[in-house]
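The values are calculated or read from the model by the stated rules, or taken from the named source; none is laboratory data. Being a predicted model, the structure only gives us computed values, none of them experimental. We place every Cβ from the backbone using ideal geometry, glycine too, and count neighbours over all the protein chains shown.
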Amino acid sequence: MYAGWYQAAFEHELHPGLTPVDLGPARIVLARTPDGLRAADAACPHRGAHLGHGGQLDGSAIVCPFHGKRIGIGEQAPGRYRVREHAVLGYGGLVFAGWETGDGGPFAELLDKLAVTHLFLPGFTLPARVRADLVIENAFDGTHFRPVHGIGEDPGLTLVPGDRDSITARGVFVLPKSEWQRGGEKSVAVPFEATAYSPHVVVSRMGGDYPYVAITAATPRREGGCVIRFSLAVPLSAHEAMPAQRSEELYRYLLERSRAGVEQDLPIWENLIDVEPDYDNADRTVLAFRRFRDQFRSA
Ligand code: FES
Ligand SMILES: [Fe+2]
């Protein structure tokens, strides 16, 4: 499995107390404790019961459903039995869990900043029979946009040199003119920039008349494949300047178009055949993403 940030859930998916979540093969539990939302390994250290299935929150500890022992969350918890804690980021209805991450880092910083300037809009969930990292890699696959998504021209994706903790590519989408993107005759050039913060999360900034941020997360399922969660973050300034009905229409339009985009990718992803790839020069952004991804390999 890979280390790094995963979208564990939308907030509306959480149960009142404990919610079991899988991050690929890793089984964790999200706990709404009095100190806020926390994430921990789900396996009871006594004899392995899943704490998220029948366990009860008792303050900041979990009472195991099997033999009733009190299981503390984190190293500092008192008592004999404890489970390892994982970092959690909860913003605007989105819940992320960090596997072998610290508490901070560039993704946490980004969400912190966005929370000041943007409104988060939890979007849709889509299960897919594809490896999660391939969903994220898609943002770095410049030459697929034209054939798969019918986007006018090759976006000319180039890598933006940056730090080791994230990877960014930018380009320009030529989109058909809509009521939301003006200018030009029939089409409009919309610059975009995609930054992956882990093998499972990519944040895309779209420019144009109504700039917005798209957060795409793909979380591997234990049984294979992944769950795609898509959300928007829209600038508060634009949101406040628009009548409510108008902004609702815009968000619905953006979410519908994004979902349609993912649905265009699905038949390709779900029917991929395992071959020895024969990359060409245009695949360099994909290869860069794969090198970035491989830094996250974990036991
Ligand atoms: S397995 Fe949890 S108390 Fe025994
Ligand atoms: Fe795509």
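Summary of computed values
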read-out	value
Within region 1-109, strands (runs of 3 or more DSSP E) holding 3 or more residues that are at pLDDT 95 or above and closer than 23 Å to residue 136 by Cβ	4-10, 18-23, 26-33, 85-91, 94-99
Which listed residue is of a type in the set (Lys, Arg) and either within 16 Å of ligand 2 (Cβ to nearest atom) or not in a helix (DSSP H, G or I) (or both), from 222, 246, 284, 252	222
Count of residues meeting criterion [surrounded by fewer than 12 Cβ atoms within 10 Å (Cβ to Cβ), without any contact (Cβ under 8 Å) to a residue 24 or more places away in the chain and under 24 Å from the mean Cα position of the chain (by Cα)] in region 264-288	2
Flag for residue 30 being of a type in the set (A, V, I, L, M, F, W, C), away from ligand 1 (no atom under 16 Å from the Cβ) and buried (at least 22 other Cβ atoms within 10 Å of the Cβ)	yes
Filter pass, residue 173 being in contact (Cβ under 8 Å) with a residue 60 or more places away in the chain and either on the phi < 0 side of the Ramachandran plot or in a helix (DSSP H, G or I) (or both)	no
Members of region 63-103 that are free of Cβ contacts under 8 Å to residues at least 40 places away in the same chain and more than 16 Å from ligand 1 (Cβ to nearest atom)	74, 75, 76, 78, 91, 102, 103
